[in-house]
Structures are given as C-alpha cells and as structure tokens.
Amino acid sequence: MRGLTWTVGSTRIVDDVTFDVADGEFVAVIGPNGAGKTSLFNLISGLIRPTAGSVTLDGVDLTAAPPHRRARLGLGRTFQSSSVFPALTVRENVRIAAASRGSCLRLWRRASADRAASSAAEAALDDVGLSSHAADLAGTLSHGDKRKLELAVLLATEPRIMLLDEPMAGVATGDVPALTELIREIHRAGRPVLMVEHHMEVLLGLADRVAVMHHGALLAIDTPARVMDDETVQHAYVGEPL
Ligand SMILES: Nc1ncnc2c1ncn2[C@@H]1O[C@H](COP(=O)(O)OP(=O)(O)OP(=O)(O)O)[C@@H](O)[C@H]1O
Ligand SMILES: [Mg+2]
C-alpha cells in the first residue's frame with residue numbers, strides 16, 4: 001500500500017500509510033485502541049475507499065476494486081468480531097466459502113464444482129482441527145473453536161494473502177497457544193499474513209516485522225525486538241501494557 005489515507009470529516013483516521021508485505025512474510029499490526037488498525041484493513045480489503053493512496057496485490061492496482069473482486073484475487077480477511085453463521089453447521093459454513101471460490105469457474109459442471117467445494121471444505125476443516133465438529137451447529141462452538149472456524153472459512157477461499165484482525169479476541173487464555181500454533185502452520189504453508197494482535201507474546205514468536213500505528217499513522221515498522229526498544233513506540237503506549 002502506498003500513501004493510504006482515510007479522512008472522515010476533518011479527522012485522518014488512516015494517515016498516509018505506506019508499507020509492503022513481502023512474499024511469505026508475517027507482518028503484525030499493533031497500536032493503541034482507535035489507532036486505525038481495523039480501518040487500515042477495511043481499506044486494504046475494500047470495505048471502505050481511501051481518500052488518497054493505493055493498494056496493490058502482486059503488482060495489480062486494486063484501489064478501485066470492490067471487496068468481492070479483491071477476495072477473488074486472493075485478498076482474504078477475518079473480522080475483529082466473530083463472523084460465522086451460528087445456525088448453520090460447521091461444515092456448511094466452510095462449504096459456502098469454498099463454493100464462492102469455485103463459482104468464478106463458470107465452465108465447471110455443477111456436480112464437479114460441488115465435489116470440489118466439498119473436498120476443499122473438508123481439507124480446510126482438517127487443517128484447523130475441526131473435522132470432529134463438522135456436523136455441529138457453529139453457534140454451539142466454544143469461542144476458540146469459532147475463531148478456528150473463521151480461519152477454516154478463510155482457508156477454503158484459498159487466499160494469496162491473509163489479513164487477520166485480532167484472531168485471539170475473546171479467546172480463553174488457555175486456547176491462545178493452540179490458536180497461535182495454528183496461525184503459524186497456516187503461515188508456514190507459504191502465505192503472507194498481516195495480523196492485528198494485542199498479545200505481544202504471540203507476536204514476538206510469529207512476526208517477521210511489526211508495524212506500529214498511532215493516531216492513524218505508521219509510527220514504526222521493524223523487527224519485533226527493535227520495535228519494542230523504540231522510544232517513540234514506548235511513548236505511544238504510555239499507560240498501556242506493551
Ligand atoms: N465509519 C467510521 N466513521 C467515523 N469514525 C470511524 C469510523 N470507523 C472508525 N472510526 C474511528 O476511527 C478510529 C480508528 O478506529 P479503528 O476501528 O480503525 O481502530 P483500531 O485500531 O482497530 O482499534 P481497536 O484496537 O479498538 O480495534 C477510531 O477513533 C474510530 O472511532
Ligand atoms: Mg480494530
């Protein structure tokens with residue numbers, strides 16, 4: 001992204017943010033509440049249009065593309081609040097995502113498209129360790145398992161890059177290590193990840209670089225260790241645990 005800016009009234013909610021995520025890289029986004037992290041993700045995924053700046057994926061300018069086109073081109077994201085369909089089964093939730101991926105291949109016959117969506121869904125459930133819950137209603141899952149389901153839904157769309165907005169939010173402390181390990185596995189498969197996260201112990205083990213946002217602007221982007229040492233970063237977090 002280049003010079004990404006989003007202004008509401010006279011407030012710059014995202015202020016001239018420029019950085020790239022390299023192939024295979026894991027970049028964490030941190031910053032105090034209201035720093036503009038989710039807004040940045042909304043700009044990248046196309047839910048909101050920037051006032052200025054651009055978003056590119058593999059050299060293709062997506063700044064004017066609607067969210068579904070960005071998703072088809074491989075920009076996948078999860079949301080800060082849980083976004084599963086509670087009245088559908090775990091398997092149905094993932095299948096819908098897998099089918100949405102297949103629907104762009106219009107030449108496929110319906111039966112083979114259905115089979116492909118089913119096997120993609122089963123593979124994604126297996127990846128996140130939810131196969132044994134496939135027939136359960138999504139609404140009955142624990143919070144940690146709902147977060148895993150959201151990751152399976154995302155994996156089923158076979159994204160080129162994954163944007164994860166606080167994937168640990170609301171998850172019981174005891175479930176954080178398993179979810180961290182799962183995200184590590186997903187990333188190890190070669191996908192670049194951009195992730196908003198408040199748990200510093202999670203980030204330190206996962207991230208190649210940490211981007212720090214403050215009042216909408218990019219305050220620093222560097223290795224986790226160097227970011228932690230940065231005085232301006234510490235200043236931004238005064239009163240908040242790093
Ligand atoms: N649609 C909107 N209209 C006006 N202001 C908004 C809108 N969306 C977000 N904001 C404001 O923009 C600022 C940044 O919000 P954002 O949700 O991006 O922050 P965040 O860094 O994700 O915070 P958190 O850590 O709490 O999730 C906040 O002050 C918020 O109130
Ligand atoms: Mg947010």
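Taking the numbered list (1) within 16 Å of ligand 2 (Cβ to nearest atom); (2) crowded, with 22+ Cβ neighbours inside 10 Å in turn, Leu47 passes all entries but (2).
Every residue, every condition in (1) open to solvent by less than 20 Å² (accessible area, probe 1.4 Å); (2) modelled with pLDDT of 95 or more; (3) among the basic types (Lys, Arg); (4) in a helix (DSSP H, G or I), yes or no:
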| position | (1), (2), (3), (4) |
| --- | --- |
| Gly139 | no, yes, no, yes |
| Ala152 | yes, yes, no, yes |
| Leu179 | yes, no, no, yes |
| His187 | no, no, no, yes |
| Val202 | yes, no, no, yes |
| Gly205 | no, no, no, yes |
| Val227 | yes, no, no, yes |
| Glu240 | no, no, no, no |
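Consider Met195 carefully, then state whether it is away from ligand 1 (no atom under 16 Å from the Cβ), part of a strand (DSSP E or B) and not β-branched (Val, Ile, Thr). So Met195 fails the test. With a requirement of 2 or more residues that are under 17 Å from Arg191 (Cβ atoms), within 16 Å of ligand 1 (Cβ to nearest atom) and at pLDDT 95 or above, the strands (runs of 3 or more DSSP E) lying completely within the stretch 1-113 that satisfy it span 26-30.
Suppose we filter the stretch 154-169 for residues that are closer than 21 Å to Ser39 by Cα, more than 16 Å from ligand 1 (Cβ to nearest atom) and not in a loop (DSSP other than H, G, I, E, B); how many remain? Residues that pass the stated criteria total 3.
When Ala65, Ala71 are checked against the criterion of being more than 16 Å from ligand 2 (Cβ to nearest atom), crowded, with 19+ Cβ neighbours inside 10 Å and among the hydrophobic types (A, V, I, L, M, F, W, C), Ala71 stands alone in meeting it.
The values are calculated or read from the model by the stated rules, or taken from the named source; none is laboratory data. Given the structure is predicted, the values throughout are model-derived calculations rather than measurements. Note: ideal-geometry Cβ built from the backbone for every residue, glycine included; neighbour counts use all protein chains shown. Ligands, DNA and RNA are excluded from the accessible area calculation, which covers all protein heavy atoms including side chains. Shrake-Rupley method; radii C 1.70, N 1.55, O 1.52, S 1.80 Å.
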